[in-house]
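See structure below.
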Amino acid sequence: MSGRACVRADCRGGHIMVTGFCDTCFRRAPAPEPAPPGPAADPAAPVPPEESPQAPVAAPPGELDRDGLLVLPHLPSPDPSEAADTVARPPTGGRRCGVDNCAGTIGVSYDGGPAPDHGFCPECGTEYSFRPKLRPGDRVGGHYEVLGYLAVGGHGWVYLAEDTRVPGLHVVLKGLINTGDAVARRAAVEERRSLSTLHHRDIVRIVTHVRHRAPGDAEPTGYIVMEYVGGRSLAWIRFAPEEELTRLFGAGGFTFGHVITYGCKILGALEYLHDRGLLYCDMKPENVIHYGREIKVIDLGAIRRIDDRSSALVHTHGYAPPKRERDRRGLDVDSDLYTVGRTLKVLAERATRPAGLAARSFEALIRRATHPEPAARFRSAAEMSRQLWEVLREDQALGGREPYPERSTRFEPTAAVFGAGLGTVPALRWWTRRSGSGAPELPAGAPEPGATARALPVPLPDAADPAAVLLGGLAADTPDRTAERAERDPALRTVETALWLCRAYLDAGNAARAEEWVARAKGWSGDYDWRIFWHRGLVHLTRGAVDQAEDEFAATYAALPGEAAPKLALGYCAEYLAARFREPGAREPGPPGPDAQGAAVRGPALRGPGGPGAREPDAAQAAARARAREAQAEEFYEAVLRRDPTQGSAAFGLARVRLRRDGRRRAVDVLDGVPTTSRHYDAARVAAVRILAGRLPGGPAPLAAELREAGERLAGLHLDDGGSRERLVAELREHALVCRPPGGWGSGFPAGELLGPQDTEDALRRLLSGSLRRLADQAGSAGERGDLLDAAYAVLPAPAGLRELVRGWRRTA
């Protein structure tokens with residue numbers, strides 16, 4: 001967090017993080033508003049732009065700007081004389097008549113002929129003309145000389161002009177296509193009004209307004225004079241040859257990272273508009289210009305007030321929400337976000353698909369932004385931008401870039417870790433509460449669901465919830481008393497209270513009451529609150545219904561595709577369910593439970609085995625599905641760990657998956673990647689030692705070289721006390737004894753303090769017996785001490801005569 005305070009009026013005590021977002025209101029820092037021209041300055045005569053290189057300059061791969069976004073390639077401004085067309089090309093294909101209450105279509109060709117650029121509406125008879133009012137050489141406002149035509153928009157002709165008072169300074173003039181179009185005239189007035197009040201670095205800036213009467217016109221036409229943004233619209237990317245994209249964006253080409261960067265910049269501009277009560281309405285690639293290393297949102301002709309429910313809507317088919325929705329509710333903030341989602345989806349079709357989970361996370365974000373149900377979409381541009389930014393971090397980390405861990409804006413930080421059994425030095429009960437003989441296998445399986453549910457992160461409380469502050473002072477070990485108060489006190493009858501009680505009852509082991517309270521929270525918050533999905537997942541985990549929990553966590557991931565917590569939970573579910581496929585009688589998944597949401601909310605289903613109507617697969621199918629599940633778990637765990645290497649739960653989860661599939665070395669490599677800054681660093685080092693020398697479930701015995709490495713690592717461990725080290729030494733010696741080949745370790749025997757100077761079974765037995773006798777001194781009871789001493793004497797080498805007697809008995813048995 002930086003020392004810069006958030007300046008938004010409705011944010012209290014927030015500070016801008018290095019990501020560019022506020023840690024309290026979660027919105028991007030507002031762009032500084034340019035100072036308006038002084039009284040002596042001519043607003044129509046801005047300073048000419050500086051010279052720029054004439055060839056595109058690609059940014060270094062992965063380089064980030066001050067907002068944590070990719071640095072865009074430098075796109076030089078084209079020669080204005082080449083940017084404008086000196087021949088007017090009126091729009092074709094017809095458009096709706098702009099006269100109020102007229103549904104006629106004008107400009108339609110007949111019998112295959114050219115579309116007329118002027119005429120009369122066939123319905124109301126009003127004259128129309130698509131011909132431009134200005135021609136190259138015309139002067140507007142006395143000193144703006146028209147050079148040519150840049151484009152023809154939905155309502156207006158766009159001309160390139162030069163300010164003759166400042167040679168080389170180019171501006172844009174925007175007028176109307178059809179001056180008889182009442183809707184277009186109102187849109188032009190709104191655009192002039194809107195532009196004159198906006199000052200944002202990523203929104204085109206107005207210079208002034210002028211009026212000009214063309215020969216033969218009874219009334220002058222108004223023109224907006226805007227800054228000229230010399231660059232290319234993002235629509236160019238859709239059709240550019242691959243070699244051109246490579247030349248502009250570098251050897252890596254056009255990537256998802258560039259799409260996300262465009263998206264975050266666009267959302268920053270729309271957030272600025274939304275904060276001022278305005279909707280953009282018509283976002284599409286054609287309305288965004290890439291110039292230099294920046295972007296500009298242009299063409300504000302469709303802008304309208306958020307609360308406007310009467311004026312005609314301006315939109316583009318294929319980018320706007322469906323017609324049924326527009327007719328039912330008009331446009332709102334989520335409608336703007338829908339158009340951004342469509343824009344990014346179109347651009348992503350040309351981008352190189354990244355490896356790993358980042359592409360799926362991006363697609364989940366687009367699905368939420370363009371969800372058919374408005375209530376399921378992002379609630380603000382800031383929320384969508386934050387998730388986009390998180391997906392960019394994931395994409396960069398999975399692509400091998402340096403990770404930049406950041407505190408989540410949705411989940412509280414937690415010191416808890418699940419599945420760290422391998423990183424724990426065994427307690428005395430490892431030897432005293434043992435059934436059977438021989439060293440047990442290492443605990444390399446997925447942890448129990450209930451323990452995992454207790455270790456998963458908790459959502460941050462909603463600051464807007466009236467009870468959020470009150471709940472912070474309540475004791476979680478008395479949920480019944482809080483529940484009674486919530487029934488009587490309206491101030492506690494909120495979503496946050498219900499979710500708090502859900503977690504408190506889970507901690508108390510009462511899953512039924514927890515489920516009741518999460519159901520109440522759903523009734524108050526609606527069907528699309530990700531917090532409901534998350535808490536229902538915790539309830540199902542506590543009950544051991546991992547396949548149902550997976551559905552809920554998949555829904556959370558669909559709503560928050562940039563967050564680590566849902567991926568961590570999904571990684572665990574996939575790992576746990578993979579083990580169930582290996583069990584005898586493993587079953588195929590049945591239909592989703594009654595609480596399951598639609599697939600459009602959750603994204604691709606992630607179902608596990610079990611459930612009503614399930615069927616048993618054969619052994620080959622079960623093995624294939626187990627491998628597929630392990631691959632899923634690996635993908636989720638790796639996405640979390642690569643993004644933040646300090647995540648202990650992800651590190652241990654990925655190590656377990658790699659251990660079962662690829663062997664000891666790959667698992668140890670994962671654990672070695674846990675940095676010293678992680679609170680789980682020492683546990684990861686302990687786990688590496690145990691994995692190298694331990695007896696694995698169904699796996700081969702350790703090699704002599706692995707035993708040697710385990711001994712070397714053991715010497716460097718920083719354990720809390722001598723007792724921990726002695727217990728770890730005893731475990732390694734026991735595994736070495738059990739896994740010792742019949743002929744010994746051979747020339748690679750790691751002679752030393754851990755396994756002794758000689759490669760003999762008797763020597764190893766004596767070392768282990770000594771370790772167990774020393775462990776007896778750590779016993780907390782006489783019975784525990786006796787068990788350890790019995791084990792110490794039982795492991796000693798038998799006398800030679802007794803060994804011969806046993807061998808003879810075995811031969812005659």
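The values are calculated or read from the model by the stated rules, or taken from the named source; none is laboratory data. Every value quoted in this text rests on a predicted model; they were computed, and no experiment measured them. So basically every Cβ, Gly included, is an ideal-geometry build from the backbone, and we count neighbours across all protein chains shown.
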Sole residue being among the small types (Gly, Ala, Ser) and surrounded by fewer than 22 Cβ atoms within 10 Å (Cβ to Cβ), chosen from ALA358, ALA381, ALA439: ALA439
Only unsatisfied item for THR316, checking (1) touching an Asp or Glu at 6+ places or on another chain (Cβ under 9 Å); (2) modelled with pLDDT of 95 or more; (3) polar (S, T, N, Q), is (2)
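Every residue, every condition in (1) among the β-branched types (Val, Ile, Thr); (2) more than 21 Å from the chain's Cα centre (by Cα); (3) at pLDDT 95 or above, yes or no:
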| residue | (1), (2), (3) |
| --- | --- |
| GLY537 | no, no, yes |
| PHE553 | no, no, yes |
| THR556 | yes, no, yes |
| ALA564 | no, no, yes |
| GLY611 | no, yes, no |
| ALA623 | no, yes, no |
Taking ALA586, is it at pLDDT below 75, touching a strand residue (DSSP E or B) at 6+ places or on another chain (Cβ under 9 Å) and either buried (at least 24 other Cβ atoms within 10 Å of the Cβ) or not in a strand (DSSP E or B) (or both)? yes
Is the stretch 67-83 home to any residue that is among the small types (Gly, Ala, Ser), more than 49 Å from the chain's Cα centre (by Cα), surrounded by 12 or more Cβ atoms within 10 Å (Cβ to Cβ) and at pLDDT 75 or above? no
Given the condition in a strand (DSSP E or B) and more than 26 Å from CYS11 (Cβ to Cβ), answer yes or no: does some residue in the stretch 280-288 qualify? yes
The correct count of residues that are free of Cβ contacts under 8 Å to residues at least 60 places away in the same chain and either surrounded by 22 or more Cβ atoms within 10 Å (Cβ to Cβ) or in the same structural domain as LEU198 (by TED's automatic domain parsing) (or both) in the stretch 286-319 is 3
Does TYR319 count as under 28 Å from the mean Cα position of the chain (by Cα), of a type in the set (Ser, Thr, Tyr) and assigned to a loop (DSSP other than H, G, I, E, B)? yes
Considering only residues that are more than 16 Å from HIS718 (Cβ to Cβ), of a type in the set (Gly, Ala, Ser) and modelled with pLDDT of 95 or more, which ones fall in the stretch 643-692? GLY648, SER649, ALA650, ALA651, GLY653, ALA655, ALA667, GLY673
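Residue by residue, here is whether (1) hydrophobic (A, V, I, L, M, F, W, C); (2) surrounded by fewer than 20 Cβ atoms within 10 Å (Cβ to Cβ); (3) at pLDDT 90 or above holds:
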{"residue": "ARG733", "(1), (2), (3)": "no, no, yes"}
{"residue": "SER747", "(1), (2), (3)": "no, yes, no"}
{"residue": "GLN758", "(1), (2), (3)": "no, yes, no"}
{"residue": "ALA763", "(1), (2), (3)": "yes, yes, yes"}
Could you tell me which residue of the stretch 108-152 is nearest to the chain's Cα centre (by Cα), considering only residues that are in a strand (DSSP E or B) and of a type in the set (Gly, Ala, Ser)? ALA151
For the structure I just gave you, tell me whether PRO700 is closer than 22 Å to PRO443 by Cβ, part of a loop (DSSP other than H, G, I, E, B) and either touching a Gly at 6+ places or on another chain (Cβ under 6 Å) or not aromatic (Phe, Trp, Tyr) (or both). yes
Give just the number: which of (1) within 23 Å of ASP275 (Cβ to Cβ); (2) exposed (fewer than 14 other Cβ atoms within 10 Å of the Cβ); (3) of a type in the set (Asp, Glu); (4) modelled with pLDDT of 95 or more does GLU373 not satisfy? (1)
Look through ILE260, ILE206 and report the one residue that is touching a residue at least 12 places away in the same chain (Cβ under 8 Å) and under 30 Å from GLY142 (Cα atoms). ILE206
Among (1) over 25 Å from LYS133 (Cα atoms); (2) buried (at least 23 other Cβ atoms within 10 Å of the Cβ); (3) among the polar types (S, T, N, Q), which single condition is THR246 missing? (2)
Breaking point among (1) touching a strand residue (DSSP E or B) at 6+ places or on another chain (Cβ under 8 Å); (2) under 26 Å from THR197 (Cβ atoms), for HIS274: (1)
Which pairs have Cβ atoms under 7 Å, sit 6 or more apart or on different chains, and link a residue in the stretch 320-331 that is under 15 Å from ALA375 (Cβ atoms) to one that is surrounded by 18 or more Cβ atoms within 10 Å (Cβ to Cβ) and among the aromatic types (Phe, Trp, Tyr)? PRO321/TYR338
Quick check: anything in the stretch 717-728 crowded, with 16+ Cβ neighbours inside 10 Å and in contact with a Lys or Arg (Cβ under 7 Å, 6 or more places away or on another chain)? yes
Residue count, the stretch 74-103, condition within 17 Å of CYS121 (Cβ to Cβ), in contact (Cβ under 8 Å) with a residue 60 or more places away in the chain and not aliphatic (A, V, I, L, M), comes to 5
For ARG454, indicate whether it is outside the structural domain of GLU575 (by TED's automatic domain parsing) and either touching a residue at least 24 places away in the same chain (Cβ under 8 Å) or over 30 Å from PRO374 (Cβ atoms) (or both). yes
Which pairs do you get when a residue that is over 22 Å from PRO741 (Cβ atoms), found in the stretch 705-723, comes within reach of a residue that is surrounded by 16 or more Cβ atoms within 10 Å (Cβ to Cβ) and among the polar types (S, T, N, Q), reach meaning Cβ atoms under 6 angstrom, with the pair 6+ apart or on two chains? GLY723/GLN778
Being closer than 30 Å to PHE581 by Cβ, over 27 Å from the mean Cα position of the chain (by Cα) and surrounded by 13 or more Cβ atoms within 10 Å (Cβ to Cβ) narrows it down to one residue among ALA467, ALA514; which is it? ALA514
Taking the conditions exactly as written (modelled with pLDDT of 75 or more and surrounded by 14 or more Cβ atoms within 10 Å (Cβ to Cβ)), does GLY125 satisfy them or not? no
Those helices (runs of 4 or more DSSP H) completely within the stretch 153-270 that have 1 or more residues that are at pLDDT 90 or above are 235-239, 242-249
